[in-house]
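To start, the structure under review is shown below, and the notes come after it.
The values are calculated or read from the model by the stated rules, or taken from the named source; none is laboratory data. This one's a predicted model, so the numbers in the text were calculated from it and none came from an experiment. Cβ: placed from backbone, ideal geometry, glycine included. Neighbour counts: every protein chain shown.
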Amino acid sequence: MTSPRSVDDHLARVLERIPLLHPLEVQLLEAHGCVLAEDVTAPTDLPPWDNSGMDGYAVVAADVEHAVAESPVVLPVVGDVPAGSQVSHRVQPGQVVRIMTGAPMPEGADAVVPVEWTDAGTESVTVRQAAALGQHVRRRGDDVRAGEVVLPQGTRLGPAHVGLLAAVGRARVRVHPRPRVVIISTGSELVEPGAALGHGQIPDSNGPGLTAAAREAGAVVYRVGIVPDDPTTLLSTIEDQLVRADLVLTTGGVSAGAYDVVKEVLSGLGTVEFTPVAMQPGKPQGFGTVGPDATPIFTLPGNPVSAHVSFEVFVRPAIRRMLGFAPLQRPVVRARSTAELSSRPGVRQFLRGVLTTGADGVAEVAPASGQGSHLLAGLARANALIVLREEVEAVAAGDEVEVMVLERRAS
Ligand SMILES: Nc1nc2c(c(=O)[nH]1)N[C@H]1C(S)=C(S)[C@@H](COP(=O)(O)OP(=O)(O)OC[C@H]3O[C@@H](n4cnc5c(N)ncnc54)[C@H](O)[C@@H]3O)O[C@H]1N2
Ligand code: MOO
Ligand SMILES: [Mg+2]
């Protein structure tokens, strides 16, 4: 039996073989959540022209400088500029134009009197309060200057970035695209969730669970479904799926069982290596590339918790690398353990944990009940993984431990 590799060594070998996906031009909304692969410059100033910051009246500030409630100034309204109006107006001293928020300032006007400071007149208006020079005028270019890089390459596009791209007139943009991940659950005991169960059968929970995990990590996921423990079917399924995959994930069939067909089929195909990793759960791991395009493939262990933990430790960083994200890992914090813990030396232990803030404001983590690799409900209760590194053998209650924070929050 091959001697186990460390988690760090296995992860490094995996990441060496994971490419950053080539940039593609995609529709603006498809780019949401992706990493920008170009510097985006603004073709024009933003705002593109001076405009009103208030619904009110565009005035010459000097005309209203003495306006007060007891001695208002009355001026003729010579035009009306709703937002979107394409008519250009001009204001001469002694005149005003009614204007709405966002509408272009008429030539000659240099301040806006909000409607609340007036009688809201349409033929003439009574102004009861002075507007200072430039007041409530939003200047051309005060947000963005023409030619300015508004978003540099490498920006991960969140909602405000998508809005800004639209504001500078971009309908398409170059990004590192989402990797297409194919997920195959292997096991002759598996049936689709919801189907009637015969003796010895269980629903496929890895397929849906890892589909959700890969989506959350930013991938586009094709869940192929269930493949029985039959080498021919498995081989043809993998070969068929390669055309649409940037990454393949299988679960099950990689341990020491008589029907562990993933190992059997992939050992003779591509460069897949089956190496135990010194971790618990998640010991049996396989990784390599298959097919003409050297598509990376992970063969994850079948036990549901082992599959999810392996995803967190190896697959999620790989998906993030393809997307161009940094950092690749989940955030790690230190927290006080509420319980005594133990771990085998030389093995990195990942315990499901519930991370909270203690009464004294210090982060505190409690092991979620049950740590067996088949106990999925315990994983669903957890919002963190307690990481006991190789050199750790025992943790006393109250000691600090390393905690990998999962995005899910305990309710
Ligand atoms: N003799 C040995 N037996 C096992 C060893 C070992 O070293 N020697 N390792 C154990 C460890 S650790 C793990 S982890 C598992 C990994 O096994 P496989 O990857 O070969 O997975 P299977 O045997 O196919 O399934 C294991 C377990 O998980 C259930 N399973 C599988 N796929 C799914 C799915 N899609 N949804 C829900 N549940 C699934 C399956 O029914 C089994 O109960 O091997 C240990 N054994
Ligand atoms: O290493 Mo296995 O992944 O415990 O259950
Ligand atoms: Mg097995």
Matching residues, the range 171-188, being assigned to a loop (DSSP other than H, G, I, E, B), surrounded by fewer than 19 Cβ atoms within 10 Å (Cβ to Cβ) and out of contact with any Phe, Trp or Tyr (no Cβ under 8 Å at 6 or more places or on another chain)
ALA171
Kindly provide the set of residues from the range 153-167 that are over 12 Å from ALA37 (Cβ atoms) and either surrounded by fewer than 18 Cβ atoms within 10 Å (Cβ to Cβ) or within 14 Å of the chain's Cα centre (by Cα) (or both), ordered by number.
GLY158, PRO159, ALA160, HIS161, VAL162, GLY163, ALA166, ALA167
Give me the residue from the range 28-80 that is of a type in the set (A, V, I, L, M) and more than 30 Å from ILE99 (Cα to Cα) and, out of that set, surrounded by the most Cβ atoms within 10 Å (Cβ to Cβ).
ALA31
Is the range 43-51 home to any residue that is out of contact with any helix residue (DSSP H, G or I) (no Cβ under 9 Å at 6 or more places or on another chain), more than 28 Å from GLY169 (Cβ to Cβ) and charged (D, E, K, R)?
no
Looking at this structure, is GLY291 more than 16 Å from ligand 3 (Cβ to nearest atom) and in contact with a strand residue (DSSP E or B) (Cβ under 8 Å, 6 or more places away or on another chain)?
no
Among the residues of the range 260-283, what is the count of those that are at pLDDT 95 or above and either under 21 Å from LEU242 (Cβ atoms) or touching a helix residue (DSSP H, G or I) at 6+ places or on another chain (Cβ under 8 Å) (or both)?
6
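Quick grid of which residues meet (1) within 19 Å of ARG178 (Cα to Cα); (2) among the basic types (Lys, Arg); (3) within 12 Å of ligand 2 (Cβ to nearest atom):
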position: ALA258; (1), (2), (3): no, no, no
position: PRO281; (1), (2), (3): no, no, yes
position: PHE287; (1), (2), (3): no, no, no
position: VAL290; (1), (2), (3): no, no, no
position: SER306; (1), (2), (3): no, no, yes
position: VAL315; (1), (2), (3): yes, no, no
position: ALA318; (1), (2), (3): yes, no, no
Restricting to the range 364-392, count the residues that are assigned to a helix (DSSP H, G or I) and either buried (at least 18 other Cβ atoms within 10 Å of the Cβ) or within 16 Å of ligand 1 (Cβ to nearest atom) (or both).
5
Would you check which residues across the range 303-334 are within 16 Å of ligand 3 (Cβ to nearest atom) and touching a helix residue (DSSP H, G or I) at 6+ places or on another chain (Cβ under 7 Å) and list them?
PRO304, VAL305, ALA307
